[in-house]
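Just so you know, all these numbers are worked out from the coordinates, no wet-lab data involved. The structure displayed is predicted, hence computed values, not measured ones. Here the Cβ is made from the backbone with ideal geometry for all residues, glycine too, and neighbour counts use every protein chain on show.
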Amino acid sequence: MDNFDLRKYLVENKVTTNSRMLSEQENTPTEVAAEVLSQLDAFDIEDIKTAPDMVGESLLDYFNEDPTFDAPEGMFTSELLGQIERIGVAYKKGKKGELEKEATVEALRKALTNPANYTADSKMMNEAEPTFTLNYNTDPDDLKYVESMLSKKGIPAKVSKGTFDDEVEVTVDKKHLKKAKQALEDAGFDV
C-alpha cells in the first residue's frame with residue numbers, strides 16, 4: 001500500500017471534475033450516434049407519438065455529448081416535434097431499407113440543429129398547427145383524397161407529401177387534431 005497514489009486513482013476512475021470533463025470530450029460522433037439510437041430504442045411508438053418533446057429533449061442530451069453538435073437556443077416548434085415523431089416512428093417500425101440507423105441519426109441531427117425548428121416565443125409555439133404523418137401513396141390525387149376525406153368530416157387540414165416516399169403529412173389546428181387522427185384511423189390508416 002506504500003505505492004498507492006490517490007490522485008492517479010481518482011483521475012483514472014473519473015472521480016475528479018477534470019477527468020469527467022476529459023471523458024465527456026472523448027465521445028466520438030460514432031459513440032454519440034450509438035447512444036442516441038439506444039435511447040430511441042428505449043421509447044415505444046406510443047411514447048414517440050404522444051410525447052415527441054420528451055423524446056427530443058432526451059435525444060438532445062445525448063447529441064450534446066458530441067462537441068461538433070450545436071443546437072440553437074429556444075423551445076421546440078411543432079414542426080420539430082413532427083419531425084421527431086416521423087423519424088422516430090419510422091425507425092421503430094423497422095423501415096431499415098428506407099431509414100437506416102445512420103440516416104436516422106443524421107435526420108435527427110439535422111432537425112435538432114435547424115434554427116427554424118426553435119422559437120423563443122412560447123405563445124407562438126402553442127398556437128402552431130401540429131403535423132402528423134401516415135403511410136400512404138403520395139401521388140397528388142391520393143393527397144387530395146385524404147384532404148377531401150377529412151374535409152367531409154368537417155376537419156380543415158393541409159395534406160402534403162412527407163419526407164419519405166410513402167409518407168403523407170397532415171397539418172390541422174390543435175382543436176381538430178384528435179378528431180383528424182381518429183377519422184383517419186377509422187378509415188384504416190396507420191397514423
| Do any of Lys110/Lys175; Lys110/Lys153; Lys93/Lys181; Lys110/Lys158; Lys110/Lys144; Lys153/Lys174 go past 27 Å between their Cα atoms, and which? | Lys110/Lys175; Lys110/Lys153; Lys110/Lys144
| request: Using a Förster distance of 41 angstrom, determine the FRET efficiency expected from the C-beta separation of Ser151 and Asp70, and round it to 0.05. | output: 0.45
| task | Name the residues whose placed amide hydrogens come within less than 5 Å of the amide hydrogen of Glu167, ignoring near sequence neighbours (fewer than 5 apart) on the same chain. | result | Tyr136, Gly162
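Using a/c under 1.5 as the rounded threshold, could you call segment 38-176 rounded, prolate or oblate? The axes a ≥ b ≥ c are square roots of the C-alpha gyration tensor eigenvalues, and prolate needs a/b larger than b/c, oblate otherwise.
Values: a/c = 2.11, a/b = 1.37, b/c = 1.54.
Taking the square roots of the gyration eigenvalues as a ≥ b ≥ c, segment 38-176 is oblate.
Just how large is the dipole of segment 130-191 about the Cα centre, in debye to the nearest 20, putting +1 at every Lys and Arg Cβ and -1 at every Asp and Glu Cβ? Intermediate results must be reported in sequence, preceding the final value.
Working: 10 positive and 12 negative charges, 117 e Å.
Dipole about the Cα centre, nearest 20: 560 debye.
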| message | At 7 Å along Cα-to-Cβ for each site, give me the label-to-label distance between Asp139 and Lys178 in nm. | response | 3.6 nm
| query | So, in nm, how far is label Glu106 from label Glu57 when the simple model puts each one 7 Å beyond its Cα toward the Cβ? | reply | 3.0 nm
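If R0 is 41 Å, what FRET efficiency do you get for Lys158 and Glu31 from their C-beta distance, rounded to 0.05? It would help to have the intermediate numbers written out before the result.
Details: r = 40 Å, r/R0 = 0.97.
Calculated value: 0.55.
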| request: Pop out the ³J(HN,Hα) list for segment 154-162 in order, Karplus 6.51 cos²θ - 1.76 cosθ + 1.60 with θ = phi - 60°, rounded to Hz; leave Gly and Pro as x. | output: x, 10, x, 9, 10, 10, 9, 5, x
| Residues with amide H under 5 Å of Tyr118's amide H, sequence separation 5 or more or different chain, H placed in the peptide plane at 1.01 Å from N; which? | Thr77
| note | Here the gain from full extension of Glu46 to Lys93, 0.36 nm per residue of separation minus their alpha-carbon distance, amounts to 15.8 nm
